[in-house]
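Structure, as structure tokens:
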Amino acid sequence: MAQALQQLINGLTLGSVYGLIAIGYTMVYGIIGMINFAHGDVYMVSAFIAVTTFTLLAALGVSSVPLALLVVLVVAVLFTSAYGWTVERTAYRPLRNSTRLAPLISAIGMSIFLQNMVQVTQGARVKPVPPMLSDGITLFTSGSYSVRISSAQILIIVLTVVLMAGFTWLITRTAFGRQQRACEQDRLVTAFLGYNVDRIISLTFMIGAALAAVAGVMVTMYYGVVDFYIGFVAGIKAFTAAVLGGVGSLPGAMLGGLIIGLLESFWASYLSPEYKDIGTFVILIMVLMFRPSGLLGRPEVEKV
Amino acid sequence: MTAIVHAHHTPTLSERLKDASAAAFIALILGIPMIGMTTVDQGGFLAVMTRWPQLALFVGLTFAGRILFSLALETIKRRSQGRKSGKSAASAAEAANAALKRGTKPESVIGWLAVGIAVALPIFFSEDRYIIDIATSVLIYIMLGWGLNVVVGLAGLLDLGYVAFYAVGAYTYALLSTQFGWGFWEALPVAGGLAALFGVLLGWPTLRLRGDYLAIVTLGFGEIIRLLLVNWTELSGGPNGITSIPRPSVFGYAFLPPDTEGSIADLLGIEFSPMHRLLFLYYLILLLALLTNLFVTAMRRLPLGRAWEAVREDEIACKAMGINVTTVKLSAFAIGAMLGGFAGVFFAARQGFISPESFTFSESAIILAIVVLGGMGSQLGVVLAALVLVMLPELGRDFAEYRMLLFGFAMIVIMVWRPGGILANRAPTLIHVPTGDKA
């Protein structure tokens, strides 16, 4: 029981991170109908930006953790959005009216490029970051097993809830949200109505990258280990989350993220930690086989 | 869809400078956290190291590159406009038809020439181990490229986990030979068949999916196979892999030192040399690769092969014409997997040692890069791309670090420049020429 509760807390934390990344996949898919293969690597870039900024702040003598976190969040979000913008501009926009395969391949090229760019410029070694906010509350103790929730975990879950609320407001209540949804429905008509479709698509990539940047900062703070390969696995898991929830559906992305996060921590704890990644891939294949539209997605009708 | 058609307009100098400044500004923003700064480990603690001169160089290069690029683009545009009036799409189609009727395309001449060079290569470099080794590696990649070309180039299915089938082939041979004493030739068809079976098992549920879903599923499948190989120690030896895999033999005679049982040197009465085995391996992979090419070329002329190309171009039209799209895709998937399995058997036999290290995603990416850069659907393009991509890192050790970086960059640039690949071959293999045209 105690172990299950602990895994629930760990799973919710992990799921929040996956959910934040999954929103980037789902939004981009909604608007241009394509998977952003480089999204996982944009997340990885943000984690490296966070490591550098944390180190810089420590060198400058900033000792207040909340202040440092705030600065790192702002810096990472700004720079990572620039990366999101560049990904769209170089790998997607020139190929928007091309064959289906071409933008997929250019995006995979972008993913390989980003991974190796970070490996060359930042080094292939793992970057250790001193743990932050590792103090926490012990909820209860049963026998020798005590259930803990750390400040970092609380922060991740609360921040995710706040971001999700803000993001839902952005999409459902603001002018940009309406334009974004119009673009999803029909790009041509949106252009006829006088909206700048290129700008909306660019902003969508930037928002996706910004949310991934928050996830990157949180992971850097929570796990304290970053290397150039983290984007690959996190990207696949977040993508699985997006597919599980229904690609194109925002609540679906969050729900899918939570399910994948919970599944992973329970699998690692009760079954086998070595095969936890296989569990995610098996779920991905099963969902695509039996319910390709996901839990909350609408079935897709292919038009000629 | 939102492109605005501009009247032809040569940008002024100030417009060019503005455009280049914008590019340089973006380069600065992107470069600050990656090139400008890095963290170095100083005894358990990280410290920030700055590299401003490199960042300045990068920004400057972007500025200059952007100006040169826009100038070059301008020149190309002006030239193509001058040429456009003379040549139309119809005349290009006529030329293609004429070439088909003659039966000889320039490609086939180059192809025969390449075969000639490949056969003659060991005659000139029979003592140079280094060259034979590289040539063998190039041929493995050519064979893998031709196999993946069936899936990606002909059937238009993006497979990101091709290396899984390569791994299935390699591990099948390794296990059959070390555990059960099977020979290379007995294991070859079994391994190919098993790889094809894996292809069907993966493809059957997933090929109904759209292209990008398929890409992700194959990526996941590749990782599942790799994780299984790493963790299932009883079967695969885990991260340590399988060692002392027997080398291929010729009708039961192996390349062993003289006076050993079954030594081929004794049989033929020639002096023993370790080079003989390398030369034999080289000709073996050359033979396998050529057979692959013949097989794929023949398939392209059969109804099934033409259905692959048709499904790539328009799936819905194919369904309307009564083609069973799933079967067509599945056959492409299985044949591609089988060819990958064959290449895997050869790889295991040549190395004598395999481990999961050889079957990572970056290997899949390299094979995909070969197909994409060479030109999807073009057999000759694969050869050229494999030559370039395998030989590039051999030019210098410093260069190896940047190899994958350049791969990624080249994949973006080539897709944007030529979405079909450099030697793209999207024209159908067979063209129906109405008989009435003869007059």
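Observations on the structure shown:
- Shielding score for A:112-125, defined as the mean number of other chain Cβ atoms within 10 Å: 6
- Per-residue Cβ neighbour counts within 10 Å put B:H276, A:H39 in the sequence B:H276, A:H39, beginning with the fewest.
- For the stretch B:110-131 and the stretch A:80-130, distance of Cα centres in Å: 38 Å
- Annotation for B:A298 and B:I76: the two label points, set 7 Å from Cα along the Cα-Cβ direction, are 4.0 nm apart.
- Between A:Y223, A:I259, A:G246, the Cα set farthest toward the positive side of the dipole of the stretch A:2-290 (charges on each charged residue's Cβ, about the Cα centre) is that of A:G246.
- Note on chain A: GNM, Cα springs under 10 Å; of A:L193, A:L114, A:L170, the largest mean-square fluctuation is that of A:L193.
- The length gained on full extension between B:F25 and B:W52, counted as 0.36 nm times the residue separation minus their Cα-Cα distance, comes to 8.2 nm.
- Helix A:39-60 axis, angle to chain A major axis (alpha carbon atoms, nearest 10°): 50 degrees
- GNM top mover of A:I283, A:I137, A:I21 - chain A, alpha-carbon springs below 10 Å: A:I137
- For the stretch B:13-80, the relative contact order comes to 37 percent (Cα pairs under 8 Å, sequence separation of at least 6).
- Net charge dipole, the stretch A:228-304: roughly 180 debye, given to the nearest 20, about the Cα centre with Cβ charges of +1 for Lys and Arg and -1 for Asp and Glu.
- As a proxy for reagent exposure, ranking B:M321, B:M391 by other Cβ atoms within 10 Å from fewest up yields B:M321, B:M391.
- Given charges at beta-carbon only (K, R positive; D, E negative), |dipole| of the stretch B:108-426 in Debye: 1060 debye
- Only one residue of B:S14, B:M37, B:T62 has its Cα farthest out toward the positive end of the dipole of the stretch B:13-80, where Lys and Arg carry +1 and Asp and Glu -1 on Cβ, and that residue is B:S14.
- Antiparallel DSSP beta bridges within the protein assembly as shown, percent to nearest 5: 95 percent
- Rounded to 10°, Cα long-axis angle of helix A:175-185 versus longest principal axis of chain A: 60 degrees
- Projecting the Cα atoms of B:W146, B:L176, B:I117 onto the dipole axis of the stretch B:108-426, where Lys and Arg carry +1 and Asp and Glu carry -1 at the beta carbon, places B:W146 farthest toward the positive end.
- Near the amide H of A:G136, within less than 5 Å, lie the amide hydrogens of A:S151, all on another chain or at least 5 residues away, with H placed in the peptide plane.
- Separation between Cα centres of the stretch B:10-30 and the stretch B:151-213, rounded to whole Å: 49 Å
- Relative contact order computed over the stretch B:108-426 (Cα-Cα under 8 Å; 6+ residues apart), in percent: 33 percent
- Placing +1 on the Cβ of every Lys and Arg and -1 on the Cβ of every Asp and Glu, with nothing else charged, gives the protein assembly as shown a dipole about its Cα centre of roughly 2520 debye.
- With one equal scatterer per alpha carbon and no solvent term, the Debye-computed log10 I(q)/I(0) for the stretch B:13-80 at 0.25 1/Å reads -0.99.
- Shape category assigned to the stretch A:194-259 from the gyration tensor of Cα positions, a/c cut at 1.5: oblate
- Lys-Lys pairs in the protein assembly as shown that are eight or more residues apart or on separate chains and whose Cα atoms lie under 17 Å of each other come to 5.
Here, each number is a calculation from the coordinates, and none is a lab measurement. Not measured: the values here are computed from a predicted model. All Cβ positions, glycine included, derive from the backbone under ideal geometry; neighbour counts span all protein chains shown.
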